[in-house]
1. Classify region 211-347 as rounded, prolate or oblate, taking a ≥ b ≥ c as the square roots of the eigenvalues of its Cα gyration tensor: rounded when a/c is under 1.5, otherwise prolate if a/b is larger than b/c and oblate if not.
2. Alpha carbon centre of region 112-131 versus region 65-104: separation in Å?
3. Using amide H atoms built 1.01 Å from N in the peptide plane, name the residues 5+ places from W167, or on other chains, whose amide H lies under 5 Å from its own.
4. State the Cα centre-to-centre distance between region 280-332 and region 182-223 in whole Å.
5. Return one number: the angle in degrees, 0 to 90 and rounded to the nearest 10, between the long axis of the Cα atoms of helix 272-281 and the longest principal axis of the Cα atoms of the chain.
6. Within the accessible area of region 243-341, what % is carbon and sulfur when the probe is 1.4 Å and the other protein chains stay in place?
7. By how many degrees, 0 to 90 and rounded to 10, does the Cα axis of helix 185-206 deviate from the longest principal axis of the chain?
8. List the pairs from K52/K80; K208/K264; K190/K211; K151/K190 whose alpha-carbon separation is above 20 Å, in the order I gave them.
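The values are calculated or read from the model by the stated rules, or taken from the named source; none is laboratory data. It should be emphasised that the depicted structure is a prediction, and the values quoted were computed from it without experimental measurement. Backbone-built Cβ (ideal geometry, glycine too); neighbour counts: all protein chains shown. Side chains are part of the model used for accessible areas, which takes the heavy atoms of the whole protein and leaves out ligands, DNA and RNA. Shrake-Rupley method; radii C 1.70, N 1.55, O 1.52, S 1.80 Å.
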Amino acid sequence: QNMLEELLIHKPDDPIEFMINHLKQNNDDAPRVCVLGPPASGKTTVAMWLCKHFNAIRVSQETLLFKEALTQTEEAKALKERNQKIPNALWANLIQERLSNVDCIKQGWILEGFPENQEQAWMLQSSGIFPRHVVMLYAPDTVLIERSGGKRLDPLTQEVFHTTFNWPSDPLVQQRLVKPEDLSEQEVSKKLLEYHRKFPEIFHIYQKVLKSINADQPSVDVLSQVLAFVQSRHRSAAPFTPRILFCGPPGSGKSLQAALIAQKYDVVNICCGQLLKEAVADNTKLGELVKPYIDNGCPVPDNLVLKRLTERLSALDCLTNGWVLSGFPRDVEQAEQLQKAQINPNR
């Protein structure tokens, strides 16, 4: 799917060579994440934590202007030093150049604080930059204004700390912390107002890959929710044959739920116990082997169960419509045998 997306975006003259190079890069599992949110919502903390967790590359205003030697870096720095606004096109060019480097392609990237507005988002899309996950942090304005007053920055590592919520335990780190510029209450309020004006446009563009996460909670909870989202895979719109497995303790309703799913989605309902009883009733060779165990109330050997399951799941109706299975596997060993038999559920 990712390779098909890249083909449609770049439209290479030689598609075969393009696909070969894509497969050589082996980067389909590399993270491509945007971390967005209002001032003091914790974007830097989340972005740096994700980079450490995934060994990905962090890309932000600070890294683009002061840590990279890109084609238009000096032009952007000159505008910054003169307190002039850096054009959206210039930001987009810097981001595109940085993300096209080998380390970002292989390791993945965490884009912090970009895009800031609709125009930047469109420019990134036109350059073929599509994040797989967009994390949108939010919190009440009163909380964000309060947070901004206690914000402290480590100039050595660029990590962000807080005098109340996240103070470092290392005395050496404490000594070198500095208060970021432009953190007056009026300045933060102005930035929040601008953010709220532009946020709906960005939300609309990325709504299918975006998750809003409440930043007004312990940092451990925020990071846990962010990680769960970034590690999730978005549901593909491509058609597929459902292969559903129901597990649970006795009396949990596996058979009933399986029957309801089969009825609703027109898939084949496979109950392991019923399948073995049918084999006995039909007087098949397998049924003759299974019958003594059922008559004596003993568990049927796994190899016989697996053989019957393989036969049934290979039938045309199961291959065409899909299936829902209950009653097997009941332990890890049975699950491993199911996997070895190439019976792999997708739900």
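1. prolate
2. 14
3. The list, which skips near neighbours in sequence, is H162.
4. 54
5. On a 0 to 90 degree scale, this one is about 20.
6. Of the solvent-accessible surface of region 243-341, carbon and sulfur hold 54 percent.
7. Between the helix axis and the principal axis of the chain, the angle is about 40 degrees.
8. Too far apart for the 20 Å limit: K52/K80; K208/K264; K190/K211.
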